[in-house]
Every structure is written in C-alpha cells, then in structure tokens.
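Worksheet: the structure to be examined is printed underneath.
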Amino acid sequence: MKYHALDTPALLVDRDRLEANLHNMAELTRCYGKMLRPHAKTHKTPEIAQRQLAAGAVGLTVAKLGEAEVFAEAGCTDIFIANQIVGEQKLERLVRLARQCTLRVGVDSLEVAVPLSEAARRAGVRVGVRLEVDTGLHRAGVRTKEEAIALAHALAKLPNLELDGIFTYEGHLYQANSDQERAIAIARMSETLADLRESLIRQGFAISVTSVGSTPGARFTAPVPGLDELRCGVYIFNDRMQVARGAPKESCALTVLTTVISVRPDGRVIVDAGTKALASDKPFADQTMGEVLEDTSLRFVAASEEHGHLQAEGGTRLRVGDKVRIVPNHACTCVNLHERMYVVKGEEVEDVWEIRARGKFL
C-alpha cells in the first residue's frame, strides 16, 4: 500500500531515517563510552523502544508513571522516571511496578522522598532514586550544592530507597543561539555536576551515575568526562526545532500526511491537519506551524483545531484532494496526538505501530 492511499491526517515515520538516527546516537555514545538511556516520551512506542535497546541502550527514560507501566508491560526491564512521583494513588502503582522491573525515580525534596520511602517499605520493595539538580533550566531540582548534600544525607536515613546517582535536564540549551553558547552552557553544567558528585562521594555516597539529557546537547555532552549517561529523546525523529539547532533537515523522520480541502483565490491553501494533528508549538519568530515537505515555498501560517492554513506566494499547483506531508515543529507533542504511526519506506507502508503510551499523563 502506498502512503498516498492513507486517510488523513496520518502520522508517517520514515524507516530509513529513523534507523539512521537510532544508529548515529548509539554510535556517538558508544564512541565516548557513555550509557544511552533514551527518553521514550518522544515516541511512546514499544517497537521503537525495542530497537533502541537492541542497539545498546541500557534502559529507558520516561516522564510519567503511565509511560513506565506501558514499557514495562512491553518487556523493558530497566526504567528511569525522570520526574517526581507524588500522591498516594501514584505511589501504590509505583511500588507495584518496582516488582516488575528495575525502577528509579527522581527526587528533589524530602516532601517527595518520605512518602515514597513509606510506600516502598510497606510494599517490601526497594526503589532506586536519583537526585535531580537544577543546572540552569529553573524547573525542578535542587538549586545549590549545600541543598543537594543535605538531601542526600536525609535520603540515607530513609528505608527502602537507594540513591545511586544525580541527574539534570539541560533544557535551557534550547535558548542558546549558537554552538558556542551551547558549549559554554554545557561546560558550566558539567562543572556543577562534577563538583557535586565529588563532594557526595567524599562524604561516602555511592554515586555511580551522573545523567544528563537533551538531544541538542548530545554532541557536546558525549565527550565530557564524568557524564556517564545521556537521556536524549527527540533524536529518534528530529523535528524543525532540532533542525534549527544543527540537526540535518534530511534526518527528520516524522511527518503528518494531510489532504488539501480548499484552495482560495488569494493563494491560501487549507488542509485537514490542524492543531489536533500537529500540536500548537510555534517556537519560531515567524510563527509558522510546520514545513511542507513537497514545497518549502508554502508557508504554514496558521492553524485551528481541524484546519491548517498554507500560504502560497504567486499561486500554487495544489488542488483539492492533493496530499502533502508536514514536518512538525515538535515531534513529542505531535506524536502524542496520534493513535498509530505508519512506517514507510519510500512510498510503501511497511508496518503500523500503535503509540501505546500516548496520553499517559498520570
């Protein structure tokens, strides 16, 4: 079956590009002796996770407990939830999951850690924890070395928890405007983590892993001594945001197939993929919603829930019923909107993968 025959909107993934992205990141981390623990919140799909693990990933990273449950059920035996788990209902699910796989979670306060410890003690399981460090994003995470050391000492007194590492998400790299700015930010982050790790080890803590995670930072963090694990996610597909930060345009493996449903006299082309199919991320100064793969002169200038607005300058050859592919701005949010992805090679649909962890925000 040709992908042109699919009903739309449809999420397509180019098999060759996906495999190349998977191989390139595996080689980068292997070359520098790093562990790769890819963030599965990007693809949310067991078939892709299995390929990442087969290529050498040590386990998976997820953002939500529901995602962890999906991947554990699919056979992943080593999962890190890079987030704080709060609330009795979630903790009951977490300790059940800890019986199925090697499980680690993020902590950045005693308010998070104490209930986690109690739940693990009652269930008779041990849960791995990693200390989250804020290295510039100003989201979750301890802010100072003193705060981190004090929390580590408090964690050591809590039963059924095992501190084995520290981690950060260097999401502030997305604000860097050049490779030089990214390199400077990585250097500062690395120094902060190295200083904290050394201090914790001197005080008797077995900190075996320093973990970082971001696709645009990977080529900078991979060569840095002392950073043990990379948690990149978007690399598996790439998207327009990654292209803006140095990824080759030809590495974008994900597109949304959409049908032209109206062509206006002023060159406005309306397609059937709006924010419900592509998400609403508009990170670029020109506020465009995506890029038309077949004709980059068409600008995706606006979208409502069900409609995308493409603007043609000087006319267009597109007619009602034609189909085009849109490269999304942000792969993660786009994937979460779809129930399945169609795996294509050339024009042929070779497989259909269910996006089993979509919508798992609990």
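Do any residues in segment 18-39 that are on the phi < 0 side of the Ramachandran plot and aromatic (Phe, Trp, Tyr) have Cβ atoms under 7 Å from those of residues that are at pLDDT below 95 and open to solvent by less than 70 Å² (accessible area, probe 1.4 Å), where the two are at least six apart or on different chains, and which pairs are they?
So the pair list comes out empty.
Considering only residues that are among the β-branched types (Val, Ile, Thr) and outside any helix (DSSP H, G or I), look in segment 31-77 and name the one that is most open to solvent (accessible area, probe 1.4 Å).
Thr77
I'm trying to understand the selection: among the residues of segment 9-18, which are over 14 Å from Cys252 (Cβ atoms) and either open to solvent by 20 Å² or more (accessible area, probe 1.4 Å) or of a type in the set (Phe, Trp, Tyr) (or both)?
Pro9
Confirm whether Thr102 is of a type in the set (Ser, Thr, Tyr), under 23 Å from Asp228 (Cα atoms), open to solvent by less than 10 Å² (accessible area, probe 1.4 Å) and touching a residue at least 40 places away in the same chain (Cβ under 8 Å).
no
Could you give me the residue pairs with C-beta distances under 9 Å whose first residue belongs to segment 157-181 and is under 24 Å from Leu91 (Cβ atoms), whose second residue is among the small types (Gly, Ala, Ser) and open to solvent by 40 Å² or more (accessible area, probe 1.4 Å) wherever it lies, and which are 6+ apart or on separate chains?
If the second residue must be among the small types (Gly, Ala, Ser) and open to solvent by 40 Å² or more (accessible area, probe 1.4 Å), the pairs left are Asn160/Gly124; Glu162/Ala206; Leu163/Ala156; Leu163/Ala206; Asp164/Ala206; Asp164/Ser208; Gly165/Ser208.
Can you list residue pairs whose Cβ atoms sit under 7 Å apart, with the first residue in segment 75-88 being farther than 25 Å from Gln52 by Cβ and the second being hydrophobic (A, V, I, L, M, F, W, C)? Count only pairs 6 or more apart in sequence or on different chains.
These pairs meet every condition: Val86/Val112.
Of the conditions (1) more than 23 Å from the chain's Cα centre (by Cα); (2) part of a strand (DSSP E or B); (3) among the hydroxyl-bearing types (Ser, Thr, Tyr), Ser117 fails just one. Which one is it?
(2)
Here is a yes/no grid of residues against (1) crowded, with 24+ Cβ neighbours inside 10 Å; (2) under 15 Å from the mean Cα position of the chain (by Cα):
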site: Asp195; (1), (2): no, no
site: Ile201; (1), (2): no, no
site: Ser214; (1), (2): yes, yes
site: Gly217; (1), (2): yes, yes
site: Arg245; (1), (2): no, no
site: Val256; (1), (2): yes, no
site: Val260; (1), (2): no, no
site: Asp266; (1), (2): no, no
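Could you grab me the full set of residues in segment 122-148 that are aliphatic (A, V, I, L, M) and either open to solvent by less than 40 Å² (accessible area, probe 1.4 Å) or modelled with pLDDT of 95 or more (or both)?
Ala123, Val125, Val127, Val129, Leu131, Val133, Ala140, Val142, Ala148
Have a look at Leu151, Leu158, Leu163 and point out the one that is over 17 Å from the mean Cα position of the chain (by Cα) and crowded, with 22+ Cβ neighbours inside 10 Å.
Of the residues listed, the single one that is over 17 Å from the mean Cα position of the chain (by Cα) and crowded, with 22+ Cβ neighbours inside 10 Å is Leu163.
Which ones in segment 341-353 are assigned to a strand (DSSP E or B) and either within 13 Å of Lys41 (Cα to Cα) or open to solvent by 80 Å² or more (accessible area, probe 1.4 Å) (or both)?
Lys345, Glu350
Only one residue in Thr29, Thr61 is at pLDDT 95 or above and touching a Phe, Trp or Tyr at 6+ places or on another chain (Cβ under 6 Å), so which one is that?
Matching residue, one of Thr29, Thr61: Thr61.
Can you find, within segment 219-242, the residue that is most open to solvent (accessible area, probe 1.4 Å) among those that are acidic (Asp, Glu) and assigned to a loop (DSSP other than H, G, I, E, B)?
Only one residue tops the list, namely Asp228.
State whether the residues of segment 156-179 include one that is among the small types (Gly, Ala, Ser), under 23 Å from Val234 (Cβ atoms) and in contact with a strand residue (DSSP E or B) (Cβ under 9 Å, 6 or more places away or on another chain).
Yes, some residue in segment 156-179 is among the small types (Gly, Ala, Ser), under 23 Å from Val234 (Cβ atoms) and in contact with a strand residue (DSSP E or B) (Cβ under 9 Å, 6 or more places away or on another chain).
The values are calculated or read from the model by the stated rules, or taken from the named source; none is laboratory data. Since the model is a prediction, treat every value here as computed from it, not as a measurement. Reconstructed Cβ throughout: ideal geometry from the backbone, glycine too, with neighbour counts over all protein chains shown. Side chains included, ligands, DNA and RNA excluded: accessible areas come from the protein's heavy atoms. Shrake-Rupley method; radii C 1.70, N 1.55, O 1.52, S 1.80 Å.
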